[in-house]
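Peer 1: Before I ask anything, here is the structure I am working with.
The values are calculated or read from the model by the stated rules, or taken from the named source; none is laboratory data. Note that the structure is predicted; figures quoted are calculated from it, not measured. Positions of Cβ are backbone-derived with ideal geometry, glycine not excepted, and every protein chain shown enters the neighbour counts. Side chains are part of the model used for accessible areas, which takes the heavy atoms of the whole protein and leaves out ligands, DNA and RNA. Shrake-Rupley method; radii C 1.70, N 1.55, O 1.52, S 1.80 Å.
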Amino acid sequence: MTWEKWYSMGQEELCRLLDSLGIAYRLVEHEAVRTIEDMEKIGLPDMQCVAKNLFLRNANGKRHYLVTMPHDKPLDLKELRGKLGEKNLSFASEDRLVKHLGVQPGSVTPLGVLNGLDPAVTVVLDEDLKQREQVAVHPNVNTATLYLLWEDLITVLEEAENPVTSIKL
């Protein structure tokens, strides 16, 4: 199965992919949320598993990074720049988010790379997520949260053929 087969993957298609790969997961549907604070307000279970996801671009906009890290950990952009070998990093626009990942603001997720829009987007996973019982991310929409094991997240990301790197942030 290659990422082209899953272009514009919705929640149901994503769950079918996980099932086909034999990946166990828990899906929690909820009202639309756009921020970590929204997730806390609705009382999402197991908040310690929730990851925040940031879509970044380099100075000339030719390279994009989807950074996934524990929701309660601050990001040091200067440190990240150094680890990625970039002179500058900034948040990508909503237009770039839709163009390169095919998801709407508030739905940013590493699983967006499965939409197959830009196989050059690099997924950057914070190694601290390995220590969590599970990793909770959106299934390409912000009306549900998907809980899976770190190893299973890596397995499903490998279906997209995008570069995936794991670093300590």
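Peer 1: To make sure I understand the rule: partners must be lysines, Cα under 21 Å from the Cα of Lys78, and not fewer than 8 residues away in the same chain. Which ones qualify?
Peer 2: Candidates past the 8-residue exclusion: Lys52, Lys62, Lys87, Lys168.
Peer 1: Using label points projected 7 Å from each Cα along Cα→Cβ, tell me how many nm separate Ser20 and Ile42, to one decimal.
Peer 2: Inter-label distance under the simple model: 2.7 nm.
Peer 1: Shifting gears a bit: Please grab the % of Cα pairs in region 29-69 that end up more than 11 Å from each other.
Peer 2: 70
Peer 1: Quick one: go through region 43-80 and flag any residue whose amide nitrogen is under 17 Å from the point 7 Å out along the Cα-to-Cβ line of Arg34.
Peer 2: 53-55
Peer 1: In angstroms, what radius of gyration and Dmax does region 1-130 have, counting Cα atoms only?
Peer 2: Here Rg and the maximum Cα pair distance are 15.2, 41 Å.
Peer 1: Would you work out the relative contact order for region 1-115, in percent, from Cα pairs under 8 angstrom that are 6 or more residues apart?
Peer 2: Reported as a whole number, the value is 29 percent.
Peer 1: Quote the charge dipole size of the chain about the Cα centre in Debye, to the nearest 20; the model charges only the Cβ of Lys and Arg (+1) and of Asp and Glu (-1).
Peer 2: Here the size comes out at about 720 debye.
Peer 1: Need the list of aspartates and glutamates near Lys99 for cross-linking: C-alpha distance under 18 angstrom, and skip anything on the same chain fewer than eight residues off.
Peer 2: Answer for Lys99, where 18 Å is the Cα cut-off: Glu4, Asp118, Glu161, listed by chain and number.
Peer 1: Sticking with this one: Taking the dipole about the Cα centre of the chain, with the C-beta of Lys and Arg at +1 and of Asp and Glu at -1, give me whichever of Leu80, Val33, Gln48 is farthest to the positive side.
Peer 2: Farthest towards the positive end: Leu80.
Peer 1: Follow-up question, since we're still on this one. Please tell me the relative contact order of region 83-169 in percent, rounded to the nearest whole number, where contacts are Cα pairs under 8 Å and at least six residues apart.
Peer 2: About 31 percent, as a whole number.
Peer 1: Could you check which residue among Val124, Val28, Val156 shows the biggest mean-square fluctuation in a GNM of the chain with a 10 Å Cα cutoff?
Peer 2: Checking each option, the largest mean-square fluctuation is seen for Val28.
Peer 1: While we're here: With every protein chain present, what accessible area does Val98 have (1.4 Å probe, heavy atoms only), rounded to the nearest 10 Å²?
Peer 2: 60
Peer 1: Report, in whole Å, the centroid distance computed from the Cα atoms of region 143-161 and region 105-123.
Peer 2: Using only Cα atoms, the two centres lie 12 Å from each other.
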